[in-house]
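The values are calculated or read from the model by the stated rules, or taken from the named source; none is laboratory data. Computed from a predicted model, the values in this text were never measured in an experiment. Because the Cβ atoms are built from the backbone with ideal geometry, glycine has one as well, and the counts that use them run over all protein chains shown. Only protein heavy atoms, including side chains, enter the accessible area calculation; ligands, DNA and RNA are left aside. Shrake-Rupley method; radii C 1.70, N 1.55, O 1.52, S 1.80 Å.
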Amino acid sequence: MKYFDEAKVRQAISVLVIPGSVFEVRIIRKRPPTAFSGYFKNADDLLKELARQDLNNANVYVTLNTVNESCAAMEQAGKFLKGASATKDDDIDYYSWMPIDLDPKRKSGISSSKEELEKAIQMAKEKIYIFFREHNYPEPVIAISGNGVHLLYKIALANNDENKQLLQNCLKALDLMFSNEDVEVDVTMATPSHTIKLYGTLAQKGANTQDRPHRMSRIVYLPDNLQVVDRAKLEWLAAQLPKAEEPRQPKTYAQGPGQFDLENWMRAHGIGYKQVPWRDGTKYVLDVCPFNSEHKAPDASIFKQGNGAIGFKCFHNSCADKTWRDVRLLYEPDAYTKTERADWQIETGWTRCTNANREPVKLNIAKPKADEPVFLTAQDIISRHEPEAEYLQTGIPGIDFNMKGLAKGSVSCLSGLRASAKSTLLSQLMLMMINNNQTVVAYSGELSAKNFMKWMFLQAAGKRHTVPSQRYRNFYTLDSDETEKEIAQWMMGHFYLFNNAYGNKFAKLANMLKDQAETVHADCIVLDNLMAVDLGNNVDKYDAQTNFVWALKNIAKMTNTHVIFVAHPRKTTGFLRLNDISGSGNIGNIVDAAFIIHRNNEDFSKATAEFFGKKKSHYIPEDCTNVLEICKDRENGTQDFFIPLWYEPETKRLLPSTEQNLHFGWETMFKQQIPLMPENDFLKEDFS
């Protein structure tokens, strides 16, 4: 019998190991139980030694992560030694891979049957692979271990406790979402020194029978361009692991301190489910998804961990962003908020102004450290290690060049007269951020979700994928429903629109925006617009608006996002200026940056000439349709700077140049016919 395939082993080493670095190979023999270890630096030496070994009833494994160079001096360097000391966690320098091992459930110590292996393949290609593609992960290496499936995602993380916990949480999140009664995700693979099957060697578990044969392990798909997964994507995945349920809950569902009686809660709300054992707790497979009754079992589940943490997952795209919190709020809209009060003391204590009774309200300010000086010297300041400021690129050179972009941790305001294209501009900015792999959380109190997305879909589609109406002038639609679906899939994991069904109360909205920004690691929060927020009764309108902007400023700092909101101006007969924005001038003082968008019409030309005089230095092309004005830039001092823009009817875009022809990433993702799963032997092979 052939125990290894030289070509496949060479391929495995070339893919898994950095050229010239050290790796360990282990041979585990079953009868008698024996372990051999060897350190190598190339496939040639390894293959020579493998050929000398008796591999009957043995399995061969290789270290997955980057081994420290000092291991090349171990006694088993260049050869296999029986009982030699193997690689320890401390011997690993870097995590090189995030391995997802899909192992069919079966009796221990035997090979998988054809049917069991096919269930693992089905989970790999129909669930996990698509899940990662929908969230814009690079493509993995795909392998058959002999009895299951491996999806290997390239990473580059130092070997430390923080990163180990990060990877453990990633695998636990996948296990929670995808493991079922047939196949499970191996959560032990986050151990730094963990080994995997050396692809190209025979997997020999149990007896080699017709029903449960020994199979050759091998790589079945290798991407043309193997890319490293960003740490932010790993953190997002780890965040899908549910946190413990908040202790603030109705006593009816209390089940001891910090516990929540989930089963009683589901019964009380008429939620049908099937209880299934799960590694870290209990999985409740729902009869139907709470958000779409067409999503039947087993597509939606609620999970409860032993520590009380609760999670929710539906595998359909339309529900991909839904969490346990969303489920609970669907049945209990007030589950997470205290009774709202006019004094604005919401959960996080963001307040600045006085309340309706003019009593002082405390602002939540970070406390200084014990050794923190009250006054800082110049030397104190320069010795502080603070992270570099981050900026979001807008695609508008006038902003990106003069302001570096939109600074994270700060707040900006956008204003303009009616129909000046405020919403159009914000929609376009959000698409630019999504295109840069950044995440946006949006609120639109005036438009329904469908109407909000219509505009954004047209902007994302571009001229190539819009068609003119046969009945209406300057009216365009997408060229197909498929285009809409592809754009929506491209946006997955990077765009979240607030559901207006949850209301527009100030305190609740502020908390939900903050929580969502923290959950999805948002880069930007967009509110269109301030006037759509219910700021309460019996309070001064302008004080209330000012208070809400202070809340947004705190959210920006606490979540390290850029917050941009629309504020309508008060009525004015002259040239629209920053002081004309609602809020008695306070809004303009609080924000870090402010923009006004104008329609380039006769009124605008006349008003600018009167305001700046005949010798104004702001050159505005006559044929541009809109003008974006930077009227405040606290960091760089940019002021009264005008940026000409051209409106494109086919796409609803505001172009900084008539020559611009921007293509968003969804076209690359779908229009080049990239398959959702590689069409190769992996899909066609007979595993009997």
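Computed quantities for the displayed model
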{"read-out": "Test result for HIS598, touching an Asp or Glu at 6+ places or on another chain (Cβ under 8 Å), part of a loop (DSSP other than H, G, I, E, B) and either modelled with pLDDT under 75 or surrounded by 15 or more Cβ atoms within 10 Å (Cβ to Cβ) (or both)", "value": "no"}
{"read-out": "One residue from THR668, THR638, THR658 being open to solvent by 70 Å² or more (accessible area, probe 1.4 Å), closer than 26 Å to ARG599 by Cα and modelled with pLDDT of 70 or more", "value": "THR658"}
{"read-out": "Given (1) polar (S, T, N, Q); (2) without any contact (Cβ under 8 Å) to a residue 60 or more places away in the chain; (3) closer than 14 Å to LEU202 by Cα; (4) in contact with a Leu (Cβ under 9 Å, 6 or more places away or on another chain), index of the condition SER37 fails", "value": "(3)"}
{"read-out": "Residues of the stretch 388-431 classified as among the aromatic types (Phe, Trp, Tyr) and part of a helix (DSSP H, G or I), total", "value": "1"}
{"read-out": "Filter result for PHE178 (without any contact (Cβ under 8 Å) to a residue 40 or more places away in the chain and in contact with a strand residue (DSSP E or B) (Cβ under 9 Å, 6 or more places away or on another chain))", "value": "no"}
{"read-out": "Selection within the stretch 157-209 - within 24 Å of the chain's Cα centre (by Cα), part of a loop (DSSP other than H, G, I, E, B) and buried (at least 21 other Cβ atoms within 10 Å of the Cβ)", "value": "SER179"}
{"read-out": "Test: PHE131 is surrounded by fewer than 22 Cβ atoms within 10 Å (Cβ to Cβ) and closer than 30 Å to TRP666 by Cβ", "value": "yes"}
{"read-out": "Count of the stretch 1-41 residues which are more than 15 Å from ASN68 (Cα to Cα) and assigned to a loop (DSSP other than H, G, I, E, B)", "value": "8"}
{"read-out": "Within the stretch 134-145, tally of residues that are modelled with pLDDT of 85 or more and either under 17 Å from the mean Cα position of the chain (by Cα) or closer than 13 Å to MET177 by Cα (or both)", "value": "3"}
{"read-out": "Enumeration of residues in the stretch 48-79 that are of a type in the set (A, V, I, L, M, F, W, C), within 20 Å of THR34 (Cα to Cα) and more than 36 Å from the chain's Cα centre (by Cα)", "value": "LEU50, ALA51, LEU55, ALA58, VAL60, MET74, ALA77"}
{"read-out": "Residues of the stretch 44-70 that turn out to be exposed (fewer than 12 other Cβ atoms within 10 Å of the Cβ) and outside any helix (DSSP H, G or I), as a count", "value": "2"}
{"read-out": "Selection within the stretch 413-424 - within 26 Å of the chain's Cα centre (by Cα) and buried (at least 24 other Cβ atoms within 10 Å of the Cβ)", "value": "CYS413"}
{"read-out": "Some residue of the stretch 465-482 being within 26 Å of HIS521 (Cα to Cα), surrounded by fewer than 23 Cβ atoms within 10 Å (Cβ to Cβ) and not basic (Lys, Arg)", "value": "no"}
{"read-out": "The stretch 71-115, residues that are farther than 24 Å from VAL149 by Cα, in a strand (DSSP E or B), in contact (Cβ under 8 Å) with a residue 60 or more places away in the chain and open to solvent by 20 Å² or more (accessible area, probe 1.4 Å)", "value": "ASP93"}
{"read-out": "Pairs with Cβ under 9 Å, 6+ apart, first in the stretch 469-482 and closer than 13 Å to GLU650 by Cβ, second assigned to a loop (DSSP other than H, G, I, E, B) and β-branched (Val, Ile, Thr)", "value": "TYR476/THR651"}
{"read-out": "Top-ranked residue in the stretch 25-47 [being at pLDDT 95 or above and within 20 Å of SER111 (Cβ to Cβ); ranked as nearest to the chain's Cα centre (by Cα)]", "value": "ARG26"}
{"read-out": "Some residue of the stretch 311-326 being surrounded by 20 or more Cβ atoms within 10 Å (Cβ to Cβ) and either without any contact (Cβ under 8 Å) to a residue 12 or more places away in the chain or among the small types (Gly, Ala, Ser) (or both)", "value": "yes"}
{"read-out": "Hits in the stretch 289-301 - residues which are assigned to a strand (DSSP E or B), over 16 Å from LYS172 (Cβ atoms) and open to solvent by less than 60 Å² (accessible area, probe 1.4 Å)", "value": "CYS289, ASN292, HIS295, ALA300"}
{"read-out": "Boolean, THR34 is among the β-branched types (Val, Ile, Thr) and surrounded by 17 or more Cβ atoms within 10 Å (Cβ to Cβ)", "value": "no"}
{"read-out": "Every residue from the stretch 215-236 that is part of a loop (DSSP other than H, G, I, E, B) and open to solvent by 30 Å² or more (accessible area, probe 1.4 Å)", "value": "LEU222, ASP224, ASN225, LEU226, GLN227, VAL228, ASP230"}
{"read-out": "The stretch 636-662 residues that are farther than 16 Å from PRO621 by Cα and assigned to a loop (DSSP other than H, G, I, E, B), paired with ones that are hydrophobic (A, V, I, L, M, F, W, C) and open to solvent by 30 Å² or more (accessible area, probe 1.4 Å) (beta carbon under 7 Å, 6 or more apart)", "value": "LYS652/TRP455"}
{"read-out": "Residue satisfying condition, being open to solvent by less than 60 Å² (accessible area, probe 1.4 Å), over 22 Å from the mean Cα position of the chain (by Cα) and on the phi < 0 side of the Ramachandran plot, within set ALA522, ALA507, ALA488, ALA501", "value": "ALA507"}
{"read-out": "Residues being at pLDDT below 70 and in contact with a Cys (Cβ under 6 Å, 6 or more places away or on another chain) - total across the stretch 566-594", "value": "0"}
{"read-out": "The stretch 218-229 residues that are over 15 Å from TRP97 (Cα atoms), paired with ones that are assigned to a loop (DSSP other than H, G, I, E, B) (beta carbon under 7 Å, 6 or more apart)", "value": "ARG218/TYR199; ARG218/GLY200; VAL220/ASN680; TYR221/PRO678; TYR221/ASN680"}
{"read-out": "All positions within the stretch 546-557 that are open to solvent by 10 Å² or more (accessible area, probe 1.4 Å) and over 14 Å from ALA407 (Cα atoms)", "value": "TRP550, ASN554"}
